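What follows draws every value from the coordinates through simple rules; no lab data is involved. All figures in this text were calculated on a predicted structure; none of them were measured in a lab. Positions of Cβ are backbone-derived with ideal geometry, glycine not excepted, and every protein chain shown enters the neighbour counts.
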Amino acid sequence: MMNGERGGISRRALMAVAAGAAIASVPRTADGARDDGKSHVLREHDALGLADLVTRKEVSPAELLELAIARAEEVDRKLNFMAQRHYDFARKAIAAGLPDGPFTGVPWLLKDLNTYIAGEQTGNGSRYYRNNPGKATSELVRRHQKAGLVIFGKTTAPEYGLTPTTESLATGLTRNPWNSDHSAGGSSGGAAVAVASGVLPAAHATDGGGSIRIPASCCGLFGLKPSRGRVPMGPLHTEGWGGMSTHHAITWSVRDSAALLDATSGPELGSRYAAPTPDRPYRDEVGRDPGRLRIALNVATMAGTPVDPECVEAARAAARLCESLGHHVEDAAPKLDLDAIGRAAFAIISSSIATEIQDRKAATGIEPGPDVLEAVTLAYYQIGLKTPGVAYARGNNDLQTAAVTVAQFMERYDLMLSPTVAEPPPMLGVLSLSPADVSTYFKAVAAYTPFSALQNQTGQPSMSVPLAMSKSGLPIGVMFSARYGDEATLFRLAAQLEQAAPWAGRRAAI
């Protein structure tokens with residue numbers, strides 16, 4: 001179980017434990033790590049718990065770092081989740097003295113995608129970035145460091161974060177800890193593997209179309225995508241994919257996610273927008289009564305594509321659990337122009353990718369081609385070069401229209417509930433960026449991820465909660481999305497669900 005205090009559980013929540021038990025009745029399993037007397041701390045404590053151990057001098061930052069490095073090397077040989085190793089950088093940070101923050105001494109991994117430490121390599125999941133030392137340290141990384149986190153590496157991601165799996169010609173296949181033949185999700189799959197396999201209790205992740213929530217679902221973890229403008233992305237660029245992309249983390253505990261957002265959120269210099277200021281620290285929302293929430297349940301895709309019955313049942317079971325906790329749930333969904341949204345997102349993403357590739361070509365002189373880029377990435381590049389500016393502007397307008405439509409819909413509801421993805425974790429190879437047929441790839445991705453991109457397009461906060469398991473023993477997450485700027489409601493409900501249907505003891509045998 002995670003170490004540290006919890007908010008008091010209400011009598012109504014206690015009555016709901018029986019409902020939650022049907023969702024979470026999976027036995028605890030050993031993860032096979034070597035027992036050296038202290039290796040268990042990484043698996044038995046969340047990040048705030050580890051920081052508390054450091055404060056009480058029961059373990060030192062140097063000890064935690066070496067335990068995390070040893071565990072990372074052990075797991076990486078099996079699951080391939082480490083993209084960059086910054087071990088000496090971490091040791092020097094500890095030797096120089098760590099700041100006093102909420103996570104002082106806690107080992108930390110960044111995602112290897114558009115996240116920089118000056119002078120250290122970031123590979124962006126691509127052969128095109130084999131020599132790409134950071135020119136400046138990202139503002140988010142500076143906030144991680146100020147919080148006392150000890151950065152010792154970067155986790156795998158697919159090229160440019162373009163697919164909901166973590167497979168790359170540059171770094172290979174990242175495997176799911178629950179079944180190594182299956183995908184760990186993407187694009188933050190490496191981060192999810194690190195957490196799910198007990199290397200550390202939380203890791204940095206990014207989300208441009210579901211890339212925090214999808215791997216959280218695939219690996220049985222909690223993953224929250226913050227509101228647009230909540231977390232800094234600069235200083236090189238203060239937004240990604242026209243504002244669809246954002247940064248945060250994948251975690252075991254809800255309170256870690258809340259405390260990490262407290263430590264990293266807030267305006268940055270030069271940003272064109274910032275999310276609304278919260279009423280109180282997010283950590284204080286954990287355990288706070290969410291009240292009687294109005295929840296819109298939707299298990300059907302806008303395109304009418306099929307959803308696996310186990311994913312449908314996971315969402316419906318979550319709805320029943322919410323009702324047992326006193327919330328009101330009804331079937332409802334906003335009416336949106338799917339074709340317009342799809343064209344808009346594709347125009348913005350392809351134009352953004354083309355711009356990044358052009359910038360890389362200018363910096364290196366290396367011509368973009370199949371020797372340095374994968375087939376789907378090249379397709380995006382070629383389409384982006386031909387996308388007129390008016391298509392980008394129209395796409396931006398269409399996404400604004402969608403955001404207004406969803407905001408109007410959510411005047412009647414506090415949250416939307418759906419499956420996170422349309423099926424349990426797929427086999428490796430299905431969603432690769434180097435398929436035999438690129439058109440087949442796009443259809444496969446659209447069918448697998450029909451729910452998660454909307455929140456990126458509208459800027460809403462959204463979370464995947466690990467409430468279910470498939471009959472084959474693979475995790476299935478369910479997704480809750482709130483009004484723009486209202487992460488507080490998500491944290492309140494997530495903490496209530498965490499108490500009613502605990503997932504901390506459900507571990508992959510790795």
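Say the dipole of region 298-358 comes from +1 at the beta carbon of Lys and Arg and -1 at that of Asp and Glu; which of T305, A344, P334 then lies farthest toward its positive end? Result: A344. Taking the DSSP beta bridges with both ends in region 104-194, the antiparallel portion is around 45 percent. The relative contact order of region 439-510 comes to 24 percent, based on Cα pairs under 8 Å that sit 6 or more residues apart.
For region 317-368 and region 436-510, write down the distance between their C-alpha centroids in whole Å. Their Cα centres are 14 Å away from one another. If both residues of a DSSP beta bridge must be in the chain, then about 70% of such bridges are antiparallel.
First check a/c for region 99-212, with a ≥ b ≥ c the square roots of the eigenvalues of its C-alpha gyration tensor; if it is under 1.5, answer rounded, and if not, answer prolate when a/b is larger than b/c or oblate otherwise. Because a/c hits 1.5 or more and a/b fails to exceed b/c, region 99-212 counts as oblate. Of the labelled figures [x] 21.1; [y] 26.0; [z] 22.8, only one reflects mean projected area of the Cα convex hull in nm² as derived from the coordinates, namely [x]. Which shape class, rounded, prolate or oblate, goes with region 334-460 when its Cα gyration tensor gives a ≥ b ≥ c as root eigenvalues, a/c under 1.5 marks rounded, and past that a/b bigger than b/c marks prolate? Because a/c hits 1.5 or more and a/b fails to exceed b/c, region 334-460 counts as oblate. At an R0 of 35 angstrom, the distance between the Cβ atoms of Q358 and E411 translates into a FRET efficiency of 0.25. Between Y87 and M427, residue separation times 0.36 nm minus the direct Cα-Cα distance comes to 119.2 nm. Legend: ranking of residues E73, E120, E498, E411 from fewest to most surrounding C-beta atoms inside 10 Å; resulting order E411, E73, E120, E498. Shape class of region 240-373 from the Cα gyration tensor (axes a ≥ b ≥ c, square roots of the eigenvalues): oblate, since a/c reaches 1.5 or more and a/b does not exceed b/c.
Extension gain, I366 to N396, is 7.7 nm, computed as 0.36 nm per intervening residue step minus the present C-alpha separation. Put simply, the amide H of L467, placed in the peptide plane, has neighbours under 5 Å in V478, leaving out anything fewer than 5 places away on its chain.
By the beta-carbon count within 10 Å of each Cβ, the least crowded to most crowded order of K78, K471, K92, fewest first, is K471, K92, K78. Label positions at E44 and D308, each projected 7 Å from the Cα along the C-beta direction, are separated by 3.4 nm. Counting Lys and Arg as +1 and Asp and Glu as -1 over every other residue whose Cβ lies under 12 Å from the Cβ of S434, the net charge comes to -3. Most tightly packed first, judged by the mean number of other beta-carbon atoms within 10 Å of their residues, the peptides 136-143, 482-489, 162-169, 258-265 read 162-169, 258-265, 482-489, 136-143.
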